[in-house]
Amino acid sequence: MRVMHLIDSLSAGGAERVAVNMVNTLNQAGVETWLCATRSEGPLKTFIENPDRYLFLGRKKKIDMKALRLLVRFIKHNQITILHAHSSSFFTAVIVKIVTRSVKVVWHDHYGLSDQLSSRKSFSIKVFSIFFDAVFSVNHTLKEWAVKNLFVRADRINFLANYANLGKAYQPSWKPDRLTSHIILCLANLRPQKDHGTLLQAFRMTKQQYPDATLYMVGKDLDDVYSKMLKEQVKECNLTDVFFMGEQTNVTRFLDMASVGVLSSVSEGLPIALLEYGLAGLPVICTNVGECKHVLDGGKAGWLIQPGDAEAMMVAIKEAFENEEKTSDHAYRLHQQIQLQYSEESAQHQLIAQYNAIG
């Protein structure tokens, strides 16, 4: 079995982190696995543990014949038999399958707007699914959608939980003295679906009771309309303790200093940030979207609130700061939940089993 994972870029996004983590995991398990970034590189390139098993295509357009020929030659030379395509890279994988007639295609659906599937542009996915040999979905909603809409056998469409990896040397711990610093952390690229605006409203109300509270926004900043709107909101509300940190390759220093991790999204798949919060021993406040409810064990392992409810978020932040016993219990339960249900080992076994099933 020889596998290549395809991802369009190596920016610090959720799907990109999953692709890199999986390639590292499979190589550690003895499965010969390569990673191909089809369009652009990025900060996650430094996390590839086997650089000699990495290919960058530099694709300039949707059908780039030069890049396609390079990929086909590479696949034939290394006798790769399975292409594991993340998100929109399924297009490249299917073209290769049509050309070579020798590879199997696994599609990994990371769609972040799983709470808004009615508006998904899915025509090309449905057509190309004729060539999919298996599908992995990052939450149960996406799995159900795939079963109903794609031309793939139902027994080859599986929910595969994301998992996070903060490094083998990282030692997670919940430290109650974190609460005295009142530092709120949000790990989320600046995109509308992440709804940072609601978090900023909640933070403004929090500051009225906790003047020393600080908010760190860590995530890719495209300096677009949404980004400028958020910064204008910060300026208008005179929120001097909000820091936009941009894209970061190593988030552990932020996880270590934070008091609580927050996600305010209106829609999600299964956010890696939520898993990273839990691995680091952070208590979590999160909107009830995507797979978040399952990760937080229905609210037993963190605060679940409805999207867009700034007041409920403020109340949860206040309780996290003040109720040390509940906060500590939430942090412990979430850490245990992730170790049991969203582990690297579990994903590894499921991946290898599916690869074996499709040959």
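The values are calculated or read from the model by the stated rules, or taken from the named source; none is laboratory data. In this text, all values refer to a predicted model and were calculated from it rather than measured experimentally. Ideal geometry is used to build each Cβ from the backbone, glycine not excepted, and the neighbour counts take in all protein chains shown.
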So which of Ile48, Ile63, Ile82 is modelled with pLDDT of 95 or more, under 20 Å from Val103 (Cα atoms) and not hydroxyl-bearing (Ser, Thr, Tyr)?
-> Ile82
Any hit, the range 159-171, residues being surrounded by fewer than 18 Cβ atoms within 10 Å (Cβ to Cβ), small (Gly, Ala, Ser) and modelled with pLDDT under 95 = yes
What strands (runs of 3 or more DSSP E) lie completely within the range 206-314 and have 1 or more residues being at pLDDT 95 or above, of a type in the set (Ser, Thr, Tyr) and under 24 Å from Leu334 (Cα atoms)?
-> 214-218, 284-287
In this structure, is Ala202 of a type in the set (Gly, Ala, Ser) and either in contact with a Cys (Cβ under 8 Å, 6 or more places away or on another chain) or in a helix (DSSP H, G or I) (or both)?
-> yes
Restricting attention to the range 13-49, which residues are in contact with a strand residue (DSSP E or B) (Cβ under 8 Å, 6 or more places away or on another chain) and under 15 Å from Arg2 (Cβ atoms)?
-> Met22, Val23, Leu26, Asn27, Val31, Glu32, Thr33, Trp34, Leu35, Cys36
Test: residue in the range 120-134 that is of a type in the set (Gly, Ala, Ser), crowded, with 20+ Cβ neighbours inside 10 Å, under 15 Å from Gly290 (Cα atoms) and in contact with a helix residue (DSSP H, G or I) (Cβ under 9 Å, 6 or more places away or on another chain) | no
